[in-house]
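Q: Sharing a structure below in structure tokens format, with a few things to ask.
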Amino acid sequence: MTEDARFEDGAERPLRLKALDAEDLSVISALTQDAVFPAREMTWQPGARRFALLINRFRWEDRARTAPRNHAPERVQSLLVIEDVRAVASQGVARDDPDMVFSLLSIGFAPGADGTGRLTLTLAGDGAIALDVECLDVLLRDVTRPYGAPSGRAPEHPLD
């Protein structure tokens, strides 16, 4: 796992994490919980064997460092990139409306017997995107500075 520390101006630098095993992926899954994205921000590039999402996620890592009740929740746009993707399948995901917004609940990985595996993005409303991957290679990188969550609230979770 890697994380950049600061911008040149001293401001906190966006998060940059890479998952190469299931333990690393569980960290990325926790940080992307409740992220939202419109269908148009979902890209499958078969020639490059890459699947990417531009998501709006809560900064759960920031809320873990501060008292949740005393700190207004922030969101940040992040790029979630999965490499070495051999095939993509979806269930309950209508992509015909580019403005349809999905909510990401979790990311899981089931290894195959031959070193390959299936990465599953579980979405609210019983949707799922399954990615058959050659190996686990997932990158989460913030691409904007944090901004206040429009609702002024973050979802409640048992760990809050």
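The values are calculated or read from the model by the stated rules, or taken from the named source; none is laboratory data. Computed from a predicted model, the values in this text were never measured in an experiment. Don't worry about glycine lacking a Cβ; one is built from the backbone with ideal geometry, like all the others, and counts go over all protein chains shown. Remember, those area values only see protein heavy atoms, side chains included, never the ligands or the DNA or RNA. Shrake-Rupley method; radii C 1.70, N 1.55, O 1.52, S 1.80 Å.
Q: Among 122, 116, which is the only one that is more than 24 Å from residue 34 (Cβ to Cβ) and open to solvent by less than 70 Å² (accessible area, probe 1.4 Å)?
A: The conditions single out 116.
Q: Same structure again: I'm checking my understanding of the structure. Among residues of region 142-160 that are assigned to a loop (DSSP other than H, G, I, E, B) and open to solvent by less than 30 Å² (accessible area, probe 1.4 Å), which one is nearest to residue 32 (Cα to Cα)?
A: 154
Q: Among (1) of a type in the set (Gly, Ala, Ser); (2) outside any strand (DSSP E or B); (3) under 12 Å from the mean Cα position of the chain (by Cα), which single condition is residue 108 missing?
A: Every listed condition holds for residue 108 apart from (2).
Q: Mind listing whichever residues of region 122-139 are in a strand (DSSP E or B) and under 16 Å from residue 85 (Cβ atoms)?
A: 128, 129, 130, 131, 132, 133, 138, 139
Q: Write out, first by first residue and then by second, each pair whose Cβ atoms fall under 8 Å of each other, whose residues are 6+ apart or on separate chains, and whose first residue, in region 96-120, is without any contact (Cβ under 8 Å) to a residue 12 or more places away in the chain while the second is of a type outside the set (Asp, Glu).
A: Qualifying pairs under 8 Å: 110/117; 110/118; 110/120; 112/118.
Q: Sticking with this structure for a sec: Since residue 90 meets every condition but one in (1) of a type outside the set (A, V, I, L, M); (2) more than 23 Å from residue 17 (Cα to Cα); (3) part of a loop (DSSP other than H, G, I, E, B), which condition does it not meet?
A: (3)
Q: Still on this structure, I have one more. If residue 119 satisfies every condition in (1) aliphatic (A, V, I, L, M); (2) at pLDDT below 95; (3) not in a loop (DSSP other than H, G, I, E, B) but one, which is the exception?
A: Residue 119 satisfies every listed condition except (2).
Q: So residue 74 fits all but one of (1) at pLDDT 90 or above; (2) within 18 Å of residue 150 (Cβ to Cβ); what number is the exception?
A: Condition (1) is where residue 74 drops out.
Q: Residues of region 93-113 being open to solvent by less than 50 Å² (accessible area, probe 1.4 Å) and of a type in the set (Gly, Ala, Ser), which ones?
A: 94, 103, 106, 108, 112 - these are the residues of region 93-113 that are open to solvent by less than 50 Å² (accessible area, probe 1.4 Å) and of a type in the set (Gly, Ala, Ser).
Q: Quick one: residue 139 ticks every box in (1) surrounded by 11 or more Cβ atoms within 10 Å (Cβ to Cβ); (2) over 20 Å from residue 27 (Cα atoms) bar one, so which box is it?
A: With (1) surrounded by 11 or more Cβ atoms within 10 Å (Cβ to Cβ); (2) over 20 Å from residue 27 (Cα atoms) applied to residue 139, the lone miss is (2).
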